[in-house]
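Scroll down for the structure; my scribbles are underneath it.
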Number of protein chains: 2
Amino acid sequence: MIPVDAFDLKMLTALQEDGRLTNQQLADTVGLSASQCSRRRMRLEEENVISGYHADLSSDALGFNVIAFIQVQLATHSPDNAKKFRTLVQRVDEVQEAYSLTGDADYVLKAVLRDLKGLSDLVNNVLMPHQSVAHVRSSIVLDRLKETSKLPLKSALA
Amino acid sequence: MIPVDAFDLKMLTALQEDGRLTNQQLADTVGLSASQCSRRRMRLEEENVISGYHADLSSDALGFNVIAFIQVQLATHSPDNAKKFRTLVQRVDEVQEAYSLTGDADYVLKAVLRDLKGLSDLVNNVLMPHQSVAHVRSSIVLDRLKETSKLPLKSALA
DNA sequence: CCGAATTTGCATGCACCTTGCGTCGCAAAC
DNA sequence: GTTTGCGACGCAAGGTGCATGCAAATTCGG
C-alpha cells in the first residue's frame with residue numbers, strides 16, 4: 001500500500017476539511033515548511049491518494065429541494081443487462097451515487113432533484129422505461145442529519 | 001433566491017469539477033477576466049452558494065474497504081430520542097451520511113469502514129447499545145457504480 | 001561508525017490573486 | 001432625448017503563494 005505517514009495524515013485531514021488551503025497554511029497546521037507541503041501534496045496527488053478537489057455547492061441555495069433513494073431491481077441478472085444499467089446510471093446527472101448491495105434490492109441510487117416532478121420524471125421517464133429495469137421503489141429524504149464525504153482518517157496508518 | 005446567472009453557472013460547474021481552478025483558468029473557460037472571476041467567486045462563497053472546498057481522498061488507497069448502508073429504527077419517536085440519535089450520528093466519524101426517509105425504516109446511514117470488523121464494531125458497540133436505538137439492519141456495498149457529489153446544474157437558472 | 005539515500009528548510013524566480021481605477025451600458029428620472 | 005446613478009467589466013500594480021535548486025540535517029543499512 002501507498003506510504004502515508006503522520007504528516008501526510010495531518011495534511012489529508014486538513015485538506016478534506018478545506019481543499020484550498022495554502023501550502024503555508026498547511027505548513028503551519030502540520031509543522032513542516034511550505035515547500036515540503038508542496039512536495040508531499042504533489043506526491044499524494046500523483047499517487048491518487050488525493051483523487052481531486054471539488055467545490056461543495058449548496059443544494060438548497062441552488063434550488064435542489066428533493067433528495068431520494070431509489071431501489072432498483074433489474075429485469076434479469078445477466079452481465080449484459082447489468083452493463084446497460086451501469087451505463088444508464090453514469091449518463092444521468094441527477095444520480096449522484098449508485099451501489100449494489102447485499103440484501104433484497106439489486107441497486108440503490110441516490111438522486112438529487114429540483115422538485116417532486118423531477119423525481120417523477122426520473123423514475124417514470126428514465127428508469128422505468130429502460131429495458132434493463134424491472135422494478136423501482138423510491139424513498140424521499142425528509143431530513144438530512146449529516147452529509148459529508150470525509151473519511152475517518154483518525155484510524156489510518158497504512 | 002440568490003441571483004445566479006449563466007456566468008455563475010459555468011463557474012460553479014467548473015469548480016465542482018476542479019475546486020483548485022485558478023481564477024485565470026476559470027476566466028478562460030467562462031469568458032470573463034480573472035479579476036471578475038475572483039469577485040464573483042467571492043460573492044458565491046459569501047452567499048454560501050459555494051459552501052466549501054474539499055480534497056477528495058481515495059478510500060481504496062487509504063484502506064477503507066467497506067461501505068455499508070445501515071437502517072436504524074429508534075426506540076421511541078420522541079423529539080428527545082431523535083435529538084440523542086442526531087447527536088450520536090454527528091459524533092461518529094465513520095458515518096458519512098444520515099437521512100430520515102419516507103417509508104419503513106426511521107433512518108438510513110452510510111458508513112465507511114476499514115473492514116468488516118469495523119462495521120461490526122459500529123453496529124454492535126456504538127449503535128445497538130445506544131439508548132435511542134431499537135433496531136439496526138445493515139447492507140454492505142458490493143459495487144460502487146457511481147459516487148459523486150456534483151449537482152446537475154444544467155437545469156439550474158434561479 | 002561511516003556513507004548513501006532520503007527528507008528537510010531556505011532562497012528565488014515565476015505565476016497568481018486581489019484591489020483600485022477608469023470605462024461602458026443600461027434603466028430610471030427628469 | 002438627455003442626464004444621472006448603478007452595476008459590471010477589463011486593466012494594471014502591488015502583494016502573496018508556488019515550485020524548484022541547493023545545502024544542511026537526518027535516517028538507515030552495513
* From B:Glu94, B:Glu45, residue being more than 15 Å from DNA strand D (Cβ to nearest atom), open to solvent by 20 Å² or more (accessible area, probe 1.4 Å) and more than 18 Å from A:Lys146 (Cα to Cα) -> B:Glu45
* Asked: Which one of the conditions (1) within 13 Å of DNA strand D (Cβ to nearest atom); (2) surrounded by 15 or more Cβ atoms within 10 Å (Cβ to Cβ) does B:Gln24 fail to meet, given that it meets all the rest?
  -> (2)
* Looking at the range B:1-21, which of the residues that are within 9 Å of chain A (Cβ to nearest Cβ) and either of a type in the set (Val, Ile, Thr) or surrounded by fewer than 14 Cβ atoms within 10 Å (Cβ to Cβ) (or both) is farthest from DNA strand D (Cβ to nearest atom)? -> B:Met1
* Structure fact -> Scanning the range B:15-37 residue by residue, the ones that are under 25 Å from A:Glu45 (Cα atoms) and not in a loop (DSSP other than H, G, I, E, B) total 10
* Asked: Mind checking which residues of the range B:111-139 are open to solvent by 50 Å² or more (accessible area, probe 1.4 Å), facing chain A (nearest Cβ under 7 Å) and in a strand (DSSP E or B)?
  -> none
* Structure fact -> The condition from (1) touching a residue at least 60 places away in the same chain (Cβ under 8 Å); (2) open to solvent by 10 Å² or more (accessible area, probe 1.4 Å) that A:Val72 misses is numbered (2)
* To do: Return a yes/no flag: does the range A:81-89 have any residue that is away from DNA strand C (no atom under 16 Å from the Cβ), facing another protein chain (nearest Cβ under 7 Å), out of contact with any Phe, Trp or Tyr (no Cβ under 6 Å at 6 or more places or on another chain) and on the phi < 0 side of the Ramachandran plot.
  => yes
* (1) under 24 Å from A:Ala68 (Cβ atoms); (2) crowded, with 18+ Cβ neighbours inside 10 Å: which one isn't true of B:Leu57, the others all being true? -> (1)
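Conditions (1) among the hydroxyl-bearing types (Ser, Thr, Tyr); (2) under 30 Å from A:Asp5 (Cβ atoms), marked per residue:
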{"site": "A:Gln25", "(1), (2)": "no, yes"}
{"site": "A:Ser35", "(1), (2)": "yes, yes"}
{"site": "A:Val49", "(1), (2)": "no, yes"}
{"site": "A:Ser59", "(1), (2)": "yes, no"}
{"site": "A:Thr87", "(1), (2)": "yes, no"}
{"site": "A:Tyr99", "(1), (2)": "yes, no"}
{"site": "A:Thr102", "(1), (2)": "yes, no"}
{"site": "A:Tyr107", "(1), (2)": "yes, no"}
* Asked: Just checking, how many residues over the range B:16-31 are away from DNA strand C (no atom under 11 Å from the Cβ) and touching a helix residue (DSSP H, G or I) at 6+ places or on another chain (Cβ under 7 Å)?
  -> 2
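The values are calculated or read from the model by the stated rules, or taken from the named source; none is laboratory data. Predicted model, so just to flag it, every value in this text is computed and none were measured. Positions of Cβ are generated from backbone atoms using ideal geometry, with glycine treated the same way; all protein chains shown enter the neighbour counts. For accessibility, only protein heavy atoms count, side chains too; no ligands or nucleic acids. Shrake-Rupley method; radii C 1.70, N 1.55, O 1.52, S 1.80 Å.
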